[in-house]
Amino acid sequence: MNPAERIPLFDEWGHLIWTDRNEFRHHVIPQNMEADWDHAESLYAFVVQLYKDGFMEEAGRGADRLLELTDRSEEALLLKSLILMRQERDEEAKSLLQECMEQYPERGVAHTYLARIYLADSEREKGILTLREGLNREPNQESALRVLIQWQNDRDQLKAWLREWSQLEGAWWPPLELGKLLADEGHISEAMERFEQVIDFVKTYRNDEGQPAWEEEVAAMTISACLRKHGHHDELIQFCNRHWSPTYFTPFHGLDYAQSLIETGQRDRAVEVLNQMLQYVDEPYHNMVQLKVTQTEHPEARP
C-alpha cells in the first residue's frame, strides 16, 4: 500500500492499523458520519479529522450538518470556512466569515481567517488591518501574531501594536512576541521585563495542586529558547532560578536550563535539575531526559 494512500486508524484495543484511502472514503466515513450525525461534539471532532486528512467534500457535508445542529455556532462557521478556503472557494468563505463576525462581534478568529484570504490575494494593507481588528478582540491568537510579524515590515509600528495589546486584559502572547523582538534587537533588559510580565501572568493559570498550565509551559519554553538562541546564559539561568518548575510535562524549558548550567560550569546543578524533571516529564520524553542525565554525568563517554 502506498504510504500516501494510507489512513491511520485504531482498533477497539487501541492498536494502530492502516487502511486504504478509498476504503476509508467508501466505508469508514459513511459509517462514522451516520453514527455521529445527531451528536454535535463527536461530529465536530470527526469533521476536523476529515479536514486534516484531506477529505474536503465529506468534511463539507459534515460541517453543513454542524451548522444545523449548533444553530450556526462560531466553531461550525469557522470550520466550514476553513474547508471552503482549502477548496479555494474564497468568496463563499468570506461570506461565512462576515456572518461569524456579525454574530460574534467580540471574537477575533474569523478576522484572522479573513486576513489570510486577503494576504493570499496580495491585499496586504487590508490583511494587516483585519489581523489587527481580530487581535484587538482576542490578543492571544498565536497564528494571527505570527502572520502579522511576517507581513508588517515596520518594526517600530509592530512593537507599538504589541505594546498596546500587551495592556489588554488577559493578554500574554503579545508581550511574549514583543520580548522576542526586543531580544533580536539586542535590548535584553527590556526583553526580560516583558518575559517576566508574561510568566507572572501565566502562572495564575496553575491548578489547585500548583501544576503549570499549557500556557505556562509554552511561554517558558519560548522564552528559554529565545535566550539560548542569543547566548544569554546568565539571564536564562536567573530566569529559571526564579520561575522554572520540574513539574512541566514537556522537557524543553528544563533542557535549556540544564544546558546553560553546563555551559557556565555548573554541571552538578544541571544533573540535579535533570533528575528532578524525570519524576514529572511525560513518558514519551523520559528517555530523552535520561540520556541527557547520562551525558551530563559522564561527558567523557560521549562520542
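The values are calculated or read from the model by the stated rules, or taken from the named source; none is laboratory data. Owing to the predicted nature of the structure, the values given are computational and were not obtained by experimental measurement. Positions of Cβ are backbone-derived with ideal geometry, glycine not excepted, and every protein chain shown enters the neighbour counts. In case anyone asks, the SASA skips ligands and DNA or RNA and just uses the protein heavy atoms, side chains included. Shrake-Rupley method; radii C 1.70, N 1.55, O 1.52, S 1.80 Å.
Brief remarks on what is shown
- Against the test of being in contact with a Phe, Trp or Tyr (Cβ under 9 Å, 6 or more places away or on another chain) and within 23 Å of P105 (Cβ to Cβ), the options L82, L43 yield a single qualifying residue, L82.
- The single residue among E177, E106, E164 that is open to solvent by 80 Å² or more (accessible area, probe 1.4 Å) and part of a helix (DSSP H, G or I) turns out to be E164.
- Residue match in the range 126-147 (condition: open to solvent by 40 Å² or more (accessible area, probe 1.4 Å) and in contact (Cβ under 8 Å) with a residue 40 or more places away in the chain): no
- Test: residue in the range 226-249 that is of a type in the set (D, E, K, R) and touching an Asp or Glu at 6+ places or on another chain (Cβ under 7 Å): yes
- Of the residues in the range 242-255, none is outside any helix (DSSP H, G or I), under 22 Å from the mean Cα position of the chain (by Cα) and among the aliphatic types (A, V, I, L, M).
Conditions (1) within 29 Å of S143 (Cβ to Cβ); (2) at pLDDT 95 or above; (3) in a helix (DSSP H, G or I); (4) open to solvent by 90 Å² or more (accessible area, probe 1.4 Å), marked per residue:
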residue	(1), (2), (3), (4)
E12	no, no, no, yes
E23	no, no, yes, no
A35	no, no, yes, no
E41	yes, yes, yes, yes
E68	yes, yes, yes, yes
A76	yes, yes, yes, no
S81	yes, yes, yes, no
M85	yes, yes, yes, no
M101	yes, yes, yes, no
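- Selection within the range 111-125 - hydroxyl-bearing (S, T, Y) and either in contact with a helix residue (DSSP H, G or I) (Cβ under 9 Å, 6 or more places away or on another chain) or surrounded by 19 or more Cβ atoms within 10 Å (Cβ to Cβ) (or both): T112, Y113, Y118
- Long-range neighbours under 9 Å by Cβ, at least six apart or interchain, first residue within 15 Å of L50 (Cβ to Cβ) within the range 71-99, second part of a loop (DSSP other than H, G, I, E, B) and open to solvent by 50 Å² or more (accessible area, probe 1.4 Å): I83/R89
- Residue within the range 208-228 that is open to solvent by less than 10 Å² (accessible area, probe 1.4 Å), under 30 Å from L178 (Cα atoms) and β-branched (V, I, T) present: yes
- Only one entry in Q290, Q276, Q259, Q266 is surrounded by fewer than 21 Cβ atoms within 10 Å (Cβ to Cβ), polar (S, T, N, Q), closer than 20 Å to A183 by Cα and at pLDDT 95 or above, namely Q259.
- No other residue among A59, A45, A63 is in a helix (DSSP H, G or I), closer than 23 Å to T112 by Cβ, small (G, A, S) and open to solvent by 40 Å² or more (accessible area, probe 1.4 Å) apart from A45.
- Scope the range 148-161; condition open to solvent by 30 Å² or more (accessible area, probe 1.4 Å), closer than 21 Å to R116 by Cβ and not in a loop (DSSP other than H, G, I, E, B); matching residues: I149, Q150, W151, Q157
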